[in-house]
Amino acid sequence: MSRNNVPSFADLLAGTRYSAVHLEMRDMYSVADEAEEFEHFKRTGILELDPTARWWPGWLGMVREAVGRGVVMRRARIVSEPVTDYIRWEHASTPLNLGAGELVRWLPRRQAVDIALPGADFWLFDGRIVQFNIFTGEGEWASPPKEFSHDPAVVALCASAFETVWERAVDHEKYAV
């Protein structure tokens, strides 16, 4: 796919008919728009679960719209234990994802050692296109931040990895951090 025709996440999700799955494999992200809220959480242990704050309205609206038209959205996170402060923060904010209709599971990294995983976090839309999210070693968005593939072998690897993780993972409500 040429850089000139790079679809936005919103466009990909809007074109999705039945399934959007997301695999996250990092223990820490340093995305700028989360920094202030994450630092507050680290200092205080408090997270405001206001679905109208910050970036949440746009994200939760997209999820609700997709789920409302029958798209199943699943997110799986592979995490090291003990978990990092960032994962603790993500876990604390996950009820917002669930409330919008996402399904979320967690898998301790030691239970993923025998799974063939791609080298980056990804979204897979309708089992046809993969959007890889590329981060620097520090957890910031790389440049360019996304890569795409329609290659059947890449799609199959991502689908297999996600389904294996999903089968082994624990529902959010049962995973304690």
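Some values worked out for this structure:
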item	result
Segment 165-177 residues that are touching a residue at least 60 places away in the same chain (Cβ under 8 Å), paired with ones that are surrounded by 11 or more Cβ atoms within 10 Å (Cβ to Cβ) and in a loop (DSSP other than H, G, I, E, B) (beta carbon under 7 Å, 6 or more apart)	Val165/Ala112; Val165/Ile115; Val177/Val83
Identity of the residue in segment 136-150, of a type in the set (D, E, K, R) and touching a residue at least 60 places away in the same chain (Cβ under 8 Å), that ends up surrounded by the most Cβ atoms within 10 Å (Cβ to Cβ)	Lys146
Residues of segment 2-60 that turn out to be surrounded by fewer than 14 Cβ atoms within 10 Å (Cβ to Cβ) and among the polar types (S, T, N, Q), as a count	6
Members of segment 21-77 that are touching a residue at least 40 places away in the same chain (Cβ under 8 Å) and among the β-branched types (Val, Ile, Thr)	Val21, Val31, Val71, Val72
Single unsatisfied condition, Ala161 versus (1) assigned to a helix (DSSP H, G or I); (2) surrounded by fewer than 18 Cβ atoms within 10 Å (Cβ to Cβ)	(2)
Only one of Ser80, Ser8 that is farther than 18 Å from Lys146 by Cα and among the hydroxyl-bearing types (Ser, Thr, Tyr)	Ser80
Enumerated helices (runs of 4 or more DSSP H) restricted to segment 1-113, each holding at least 1 residues that are of a type in the set (A, V, I, L, M, F, W, C) and modelled with pLDDT of 95 or more	9-14, 56-68, 85-100
Residue under evaluation Tyr29, criteria (1) aromatic (Phe, Trp, Tyr); (2) under 23 Å from Pro118 (Cβ atoms); (3) over 18 Å from the mean Cα position of the chain (by Cα), criterion not met	(3)
Enumeration of residues in segment 111-135 that are free of Cβ contacts under 8 Å to residues at least 40 places away in the same chain and either polar (S, T, N, Q) or within 14 Å of Val155 (Cβ to Cβ) (or both)	Arg128, Val130, Phe132, Asn133
Test result for Val130, part of a strand (DSSP E or B), over 22 Å from Lys174 (Cβ atoms) and not hydroxyl-bearing (Ser, Thr, Tyr)	yes
Among residues of segment 78-93, those that are buried (at least 20 other Cβ atoms within 10 Å of the Cβ) and in contact with a helix residue (DSSP H, G or I) (Cβ under 7 Å, 6 or more places away or on another chain), counted	3
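The values are calculated or read from the model by the stated rules, or taken from the named source; none is laboratory data. These figures come from a predicted structure and were not determined experimentally. Because the Cβ atoms are built from the backbone with ideal geometry, glycine has one as well, and the counts that use them run over all protein chains shown.
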